[in-house]
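Peer 1: Provided herewith is a single structure, encoded as structure tokens, for subsequent inquiry.
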Amino acid sequence: KDTDFLHVTNWKKAAELVAAGKVKKKKGMYLIPMDQAVKEGLVYLIPEPKSPHGADVDPTGNYVVVAGKLDPTVSIYDIEEIRTAIANEDFEGEDEFGIPILK
């Protein structure tokens, strides 16, 4: 494949599902199966150059910065733009597990 992906997770919504008892618990840990995560809108993908080495949120909490180790590219994403893309279902497709890929 030509890209890897930044995985965007709606952890607040996941916490709501846990609090509502809508997830499984196995060996003392909460488990949200991938099909449920996709159906509930918990996970999305953003294409990145191969082998992103890390992602971090800036001190303001407004941006995600992703840097690669095999590619000198640095991507900076505005978290509000990610939320808007998700709300508008601005997808370019989905991966083999059905996870939406943001444009």
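The values are calculated or read from the model by the stated rules, or taken from the named source; none is laboratory data. It should be emphasised that the depicted structure is a prediction, and the values quoted were computed from it without experimental measurement. Glycine also receives a Cβ, built like all others from the backbone with ideal geometry; neighbour counts cover every protein chain displayed. SASA here: full protein model, heavy atoms, side chains in, ligands and nucleic acids out. Shrake-Rupley method; radii C 1.70, N 1.55, O 1.52, S 1.80 Å.
Peer 1: Can you tell me which condition ALA85 does not meet? The list is (1) within 15 Å of the chain's Cα centre (by Cα); (2) open to solvent by 40 Å² or more (accessible area, probe 1.4 Å), and all the others hold.
Peer 2: Condition (2) is where ALA85 drops out.
Peer 1: I'd like the residue in segment 27-52 that is among the hydrophobic types (A, V, I, L, M, F, W, C) and in a helix (DSSP H, G or I) and, out of all such residues, is surrounded by the most Cβ atoms within 10 Å (Cβ to Cβ). Give the steps one after another, and end with the answer.
Peer 2: Of the residues in segment 27-52, the ones among the hydrophobic types (A, V, I, L, M, F, W, C) are 29, 31-32, 34, 37-38, 42-43, 45-46.
Right, trim to in a helix (DSSP H, G or I) and you get 34, 37-38.
Numbers: MET34: 12, ALA37: 21, VAL38: 17.
Step by step, filter segment 27-52, then rank; the result is ALA37.
Peer 1: Restricting the search to segment 53-68, which residues are modelled with pLDDT under 95 and either small (Gly, Ala, Ser) or loosely packed, with under 11 Cβ neighbours inside 10 Å (or both)?
Peer 2: Of everything in segment 53-68, those that are modelled with pLDDT under 95 and either small (Gly, Ala, Ser) or loosely packed, with under 11 Cβ neighbours inside 10 Å (or both) turn out to be HIS53, GLY54, ALA55, ASP56, GLY61, ALA67, GLY68.
Peer 1: When you scan segment 1-23, how many residues do you find that are over 27 Å from VAL65 (Cα atoms) and open to solvent by 50 Å² or more (accessible area, probe 1.4 Å)? Break it down into steps so the answer makes sense when it comes.
Peer 2: First, the residues of segment 1-23 that are over 27 Å from VAL65 (Cα atoms): 17-23.
Restricting the remaining residues to those that are open to solvent by 50 Å² or more (accessible area, probe 1.4 Å) gives 19-22.
The qualifying residues number 4.
Peer 1: What is the residue count in segment 55-101 for residues that are without any contact (Cβ under 8 Å) to a residue 12 or more places away in the chain, part of a loop (DSSP other than H, G, I, E, B) and within 14 Å of PHE5 (Cα to Cα)?
Peer 2: 1
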